[in-house]
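The numbers here are math on the coordinates, done by the rules we state, and not lab data. What you see is a predicted model, and the numbers here were worked out from it, not measured in a lab. With ideal geometry, Cβ positions are generated from the backbone for all residues, glycine too; neighbour counts draw on all protein chains shown.
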Amino acid sequence: MSAPAAELRRATDLIDAFNEGDWDRLEQHLARDVLYAESGTGRRVEGAAAYLQLCRGWKDAFPDVNGTVTNAVAGDDTAVLEIRWDGTHTGPLETPAGAVPASGNRITVDASFWTRHDGDSIQEIHHHLDVLALLQQIGALPG
C-alpha cells in the first residue's frame with residue numbers, strides 16, 4: 001500500500017474509531033505527543049491522553065455523534081477529510097468559555113480534518129469545525 005493510501009486509511013479509521021467510541025483503537029493511530037488544534041475555538045491539546053479526553057468530552061455531550069467522511073485526499077505525509085458531524089446535544093458541552101448545558105437539539109456541522117503522519121502514527125490533527133453553526137444549532141447563540 002502506498003504511503004498516501006495508508007495515511008488515508010489511518011485517518012478514516014480514526015474517525016470510525018471515534019464514531020464507535022473505540023478509544024483503544026483510536027489511540028493506536030496517535031503519536032504519544034500528538035498535537036490537536038481546533039479552529040473556531042482556539043483549543044490546542046498535546047499528547048494522546050489529552051486528545052482522548054477531548055474526544056470523550058465530545059461523546060459525553062453528543063453520545064450519538066457520528067462523523068461521515070464526505071470527501072478525502074492524501075499526499076506525502078498528510079491526509080485531509082471533509083466530515084459531516086451529526087448528533088444530539090444531550091450532555092453538557094465543555095468549551096473554552098465554559099460548559100453549555102444540554103439542549104436536546106440535533107446538530108449537523110461540516111468540518112475539515114487534517115492529519116499529518118510520521119511513519120505509522122498521526123503526529124498532528126487540525127480540525128476546522130464550523131463552531132458558529134454548532135453553537136447556533138444547540139441554542140448557545142442566536143441563529
Residues whose placed amide H lies under 5 Å from that of residue 34, excluding near-sequence neighbours:
47, 48
Using the Karplus curve 6.51 cos²θ - 1.76 cosθ + 1.60 with θ = phi - 60°, what ³J(HN,Hα) values do you get for each residue of the range 79-89, in whole Hz, with x for Gly and Pro?
10, 10, 10, 9, 10, 10, 9, 10, x, 10, 7
Compute the acute angle (0 to 90°) between the alpha-carbon long axis of helix 3-20 and the principal axis of greatest extent of the alpha-carbon atoms of the chain; round to the nearest 10°.
30
Please work out the Cα center distance from the range 1-49 to the range 84-113, rounded to the nearest Å.
19
Computed helical MRE - 222 nm, the chain, DSSP H runs ≥ 4 contributing -39500 (n - 2.57), nearest 500
-9500 deg cm²/dmol
What do you get for Rg/Rh of the range 1-40 when both radii come from the Cα atoms and Rh is the Kirkwood radius?
1.01
If you place +1 on the Cβ of every Lys and Arg and -1 on the Cβ of every Asp and Glu, how big does the dipole about the Cα centre of the chain come out, in debye to the nearest 20?
360
In whole Hz, the Karplus estimates of ³J(HN,Hα) for the range 21-26 (6.51, -1.76, 1.60; θ = phi - 60°; x where Gly or Pro) are x, 8, 5, 5, 5, 4
Rounded to the nearest 5, what % of DSSP beta bridges with both residues in the range 3-137 are antiparallel?
85
Taking the Cα atoms of the range 3-137 alone, what are Rg (to one decimal) and Dmax (as a whole number) in Å?
14.1, 43
Convert each backbone phi in the range 68-74 into a coupling constant with the Karplus relation 6.51 cos²θ - 1.76 cosθ + 1.60 (shift: θ = phi - 60°), then list the ³J(HN,Hα) values in order as whole Hz, x for Gly and Pro.
10, 6, 9, 7, 8, 8, 9
Whose amide H sits under 5 Å from the amide H of residue 65, counting only residues 5 or more places off or on another chain, with H placed in the peptide plane?
88
